[in-house]
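S.K.: Below are the structure tokens for one structure; questions will follow.
The values are calculated or read from the model by the stated rules, or taken from the named source; none is laboratory data. Please read these numbers as outputs of a predicted model, since none were measured by experiment. Virtual Cβ from ideal backbone geometry, glycine too; neighbours counted across all protein chains shown. The accessibility values were calculated without ligands, DNA or RNA, using every heavy atom of the protein model including side chains. Shrake-Rupley method; radii C 1.70, N 1.55, O 1.52, S 1.80 Å.
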Amino acid sequence: MHPDTHAHADAQFSATRNRLDALLRIPSVSTVPAHADDVRRAARWIADWMTEMGMTRAEIYEAEGRLPLVYGEWLGAGETAPTVLIYTHYDVQPADKSDGWDTEPFEPTERNGKLYARGAVDSKCHVVIQLAAIEALLKGGGAPVNLKVLCEGEEESGSEHIYAFVAQNPDLLRADVCVISDGSLPNEHQPVLDYGLRGIISFEIHVKGPRRDLHSGHYGGSVHNPIQALAEIVAQLHAPDGSVSVPGFYDQVAPFTDEERAVLAPMHAPFEQEWQDVTGAPAPWGEQGYSAHERIAVRPTLELNGIYGGYIGEGVKTVLPSTAVAKLSCRLVPYQTPDHVWECLHTHIHALTPPSVTVEVKRMEMGAEAFIIDRTSPALKAVTAAYEQGWGVKPLLSREGGSIPVTAEFQRYLSAQLVMMPFGYKNGGAHSINENCDLGMVQKGIHTMLHFYRALADG
Ligand code: BES
Ligand code: MN
């Protein structure tokens, strides 16, 4: 590697910042069909940059009815050098200024070293960090490792295309190390080595009562109100101790060993600080017997994401509604399978249903299993060294509560050592208003990747 690679990355950083700005202007919202062409435009933008910086292959793969994957490679380090596969996603969650943003979500604005826009932290900063690091290497004469990059355009909307792509292209994706670059550090200063993510399953409960909305004076008290029935059902899904009271839900959960409890213990204090800073909730809550960090790291959950029914407009409407709906999702941990959890959920919800209403439980997506990697792999040692050099702070070991659906498929189909390299931060407002990334962290992220490639190449 050219000795000036780090200097090169710094010299081009204002151009890198402008690249991030340009990518953030493309509203690549994968969850809204009307934005499909914007997602395609973002894919083209990424492929064009790959070509321009000298990657030898930059292709867009788009399956019928799905959103594109971008694949790029540079294999100039030779057959004896390690090969690294980088995964990121360039699609984003929906956003509208009226949700409460201070500025337009797709017009990036810089304030106090942070760039505010939808997708800044989740996850376009990762796309740009990864490509800028490769650009610095290629412009400096070449990389010490072979590079493959896979950017997904529907991570936020179910990831279905990439499941088949990974299963069908093990040769294209063959690598010694696979880096999943997404996610967040607890704050700007503290790097973490994430060695796991939770899985997910999403579903809806539809409750039906009377044929149509009724006058609540004519029939109220004689018909079981669907909103009330739904509330009664969902209120029975947790026990008073905060655990999920769905029979069988915990059947497949991996035991939490004393050894792992000790490994994660140093995360308690930073997580509690982060919890105070980010949530603003009046008091902690959760399953008895676990610390706040353990509740998100090693325990599964059942969460209400939305609930609606009846009249929610201004003023009074004395209506007895005919339907009510709740949207729910469960975070899963090793070794729960979405299919088993789904069986437990719909069986139990039907068992809780009184004869006075009818209930339909709908599974929304395939879901994803949790993901856990080897804490002792050589690749993780290289990640540790890279964050220490990039941040000047020793990283803590952690498991994350979020989900990246494709990770379990990587584990199933690729023989590569898997590692995670997050460069976002928890106060970045992912999925929320005023999403932002810290430009200092973007720059450190680029240097961290350069250190990582060096460490891998040096073995
Ligand atoms: N970047 C997140 C995943 C994440 C969150 C990783 C926290 C590490 C820490 C990703 O973009 C995301 O939001 N995933 C969704 C997946 C879902 C839509 C299937 C999630 O976790 O809700
Ligand atoms: Mn996300």
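S.K.: Pull up all non-local amide H partners of M364: gap of 5 or more, or a different chain, and H-to-H distance under 5 Å with H placed in the peptide plane.
M.R.: Amide H neighbours of M364, under 5 Å, 5+ apart: S202, F203, E204.
S.K.: Within a Cβ distance under 15 Å of G248, other residues only, what is the Lys/Arg minus Asp/Glu net charge?
M.R.: -3
S.K.: Using just the helices of the chain, give the 222 nm mean residue ellipticity in deg cm²/dmol: DSSP H runs with n ≥ 4 each add -39,500 (n - 2.57), and the total is spread over all residues, rounded to 500. List each step's numbers first, then the result.
M.R.: Values: 14 runs with 156 residues, N = 459.
After summing the helix terms and dividing by the residues of the chain, the value is -10500 deg cm²/dmol.
S.K.: Calculate how large, on average over all directions, the projected area of the Cα convex hull of the stretch 117-273 is; give the answer in nm² to one decimal.
M.R.: 17.7 nm²
S.K.: Carbon and sulfur: what percent of the chain's accessible surface (1.4 Å probe)?
M.R.: Using a 1.4 Å probe with all protein chains present, the chain comes out at 50 percent carbon and sulfur.
S.K.: What is the diffusion coefficient of the stretch 260-401 in µm²/s, taking the Kirkwood radius over Cα pairs and the Stokes-Einstein relation at 4 °C with a viscosity of 1.567 mPa s?
M.R.: For these conditions, the coefficient is 67 µm²/s.
S.K.: So what's the net charge close to N436: Lys and Arg +1, Asp and Glu -1, counting the other residues with Cβ under 14 Å from its Cβ? Numbers along the way, then the final one.
M.R.: Values: positive: R17, R111, K114, R118, K124, K426; negative: D21, D102, E104, E107, E110, D122, E188, E435, D438.
Computed value for this residue: -3.
S.K.: Mind jotting down the distance between the C-alpha centroids of the stretch 390-459 and the stretch 52-67, whole Å?
M.R.: Between the Cα centres of the stretch 52-67 and the stretch 390-459 lies a distance of 23 Å.
S.K.: If you rank D438, D10, D37 by how much accessible surface each has, with a 1.4 Å probe, what is the order from largest down?
M.R.: Working: D438 25, D10 70, D37 105 Å².
Heavy-atom accessible area, descending, gives D37, D10, D438.
S.K.: While we're here: Would you tally the net charge around R399, using a Cβ to Cβ cut-off of less than 15 Å, leaving R399 out, and scoring K and R as +1, D and E as -1?
M.R.: That sum, taken over residues with Cβ under 15 Å, equals -2.
S.K.: With a ≥ b ≥ c taken as the square roots of the eigenvalues of the C-alpha gyration tensor of the stretch 238-279, please select rounded if a/c is under 1.5 and otherwise prolate if a/b is larger than b/c or oblate if it is not?
M.R.: oblate
S.K.: Near the amide H of I307, under 5 Å away, which other amide H atoms are found, from residues 5 or more places off or on another chain, if H is placed in the peptide plane?
M.R.: HN-HN under 5 Å from I307: K327.
S.K.: Which value, in nm² and rounded to one decimal, describes the direction-averaged projected area of the C-alpha convex hull of the stretch 198-255?
M.R.: It is 6.2 nm².
S.K.: Looking at the stretch 1-67, which GluC sites (Glu not before Pro) are in a loop (DSSP not H, G, I, E or B) and have at most 11 other Cβ atoms within 10 Å?
M.R.: On the way: sites: E52, E59, E62, E64; in loops: E62, E64.
The qualifying sites are E64.
S.K.: Of K97/K381; K114/K148; K97/K148; K97/K139; K148/K327; K139/K381, which ones are farther than 32 Å apart at the Cα?
M.R.: Table pairs above 32 Å Cα-Cα are K97/K381; K97/K148; K97/K139; K148/K327.
S.K.: Scan the stretch 126-220 for trypsin sites (Lys or Arg not before Pro) in coil per DSSP, keeping those whose Cβ has at most 15 other Cβ atoms within 10 Å, and list them by number.
M.R.: Loop-located and lightly packed - R174, R211, R212.
S.K.: Another question about this same structure. Please state the shape class of the stretch 379-459: rounded when a/c is under 1.5, otherwise prolate if a/b exceeds b/c and oblate if not, all from the C-alpha gyration tensor.
M.R.: Verdict is oblate for the stretch 379-459.
S.K.: May I ask you to list the GluC sites (Glu not before Pro) in the stretch 309-389 that are in a DSSP loop and have at most 12 other Cβ atoms within 10 Å of their Cβ? Working shown, then result.
M.R.: On the way: sites: E314, E343, E360, E365, E369, E388; in loops: E314, E365, E369.
In loop regions of the stretch 309-389 (DSSP not H, G, I, E or B), the sparsely surrounded GluC sites (Glu not before Pro) are E314.
S.K.: Give the whole-number value, in cubic angstrom per residue, of the convex hull volume spanned by the C-alpha atoms of the chain.
M.R.: 155 Å³
S.K.: If a/c stays under 1.5 just call it rounded; otherwise compare a/b with b/c (prolate if a/b is bigger, oblate if not). Do that for the stretch 416-459, with a ≥ b ≥ c from the square roots of the Cα gyration tensor eigenvalues.
M.R.: oblate
S.K.: Please compute the Cα-Cα pair-distance distribution of the stretch 138-207 with 5 Å bins starting at 0, giving whole percents from short to long.
M.R.: Result, from short to long distances: 3, 9, 15, 17, 19, 16, 11, 5, 2, 1, 1, 0, 0 percent.
S.K.: Efficiency by 1/(1 + (r/R0)^6): what FRET value for V32 and I433, r their Cβ-Cβ distance, R0 = 25 Å, to the nearest 0.05?
M.R.: For R0 = 25 Å, the calculated efficiency reads 0.90.
S.K.: Moving on. What does the accessible area per residue of the chain come to in Å², with a 1.4 Å probe and no ligands, DNA or RNA counted?
M.R.: 42 Å²
S.K.: Got a sec to turn the phi values of the stretch 298-311 into Karplus ³J(HN,Hα) couplings, 6.51 cos²θ - 1.76 cosθ + 1.60 with θ = phi - 60°, whole Hz, x for Gly and Pro?
M.R.: These are the phi-based 3J(HN,Hα) values: 10, 10, x, 9, 10, 10, 8, 9, x, 8, 8, x, x, 9 Hz.
S.K.: Taking amide H positions as placed 1.01 Å from N in the peptide plane, with prolines and chain starts having none, which residues 5 or more places from N187, or on another chain, fall under 5 Å of its amide H?
M.R.: Residues meeting the amide H criterion: K426.
S.K.: Here's something else I'd like to know. Short version: ³J(HN,Hα) in whole Hz for each residue of the stretch 204-216, in order, from phi by Karplus 6.51 cos²θ - 1.76 cosθ + 1.60 (θ = phi - 60°), x for Gly and Pro, what are they?
M.R.: For the stretch 204-216, the Karplus curve yields 10, 10, 10, 10, 10, x, x, 4, 8, 4, 10, 5, 6 Hz.
S.K.: Give me a comma-separated list of calculated 3J(HN,Hα) values for the stretch 392-401, in order, Karplus coefficients 6.51, -1.76, 1.60 applied at θ = phi - 60°, integers in Hz, x for any Gly or Pro.
M.R.: Result, ordered by residue: x, 9, 5, x, 9, 7, 8, 10, 9, x Hz.
S.K.: While we're on this one: Sequence gap at least 6, Cα distance under 8 Å: using those rules, report the relative contact order of the stretch 307-427 to the nearest whole percent. Display every interim value, and only then the final one.
M.R.: Values: 76 pairs, mean separation 26.4, N = 121.
For the stretch 307-427, the relative contact order is 22 percent.
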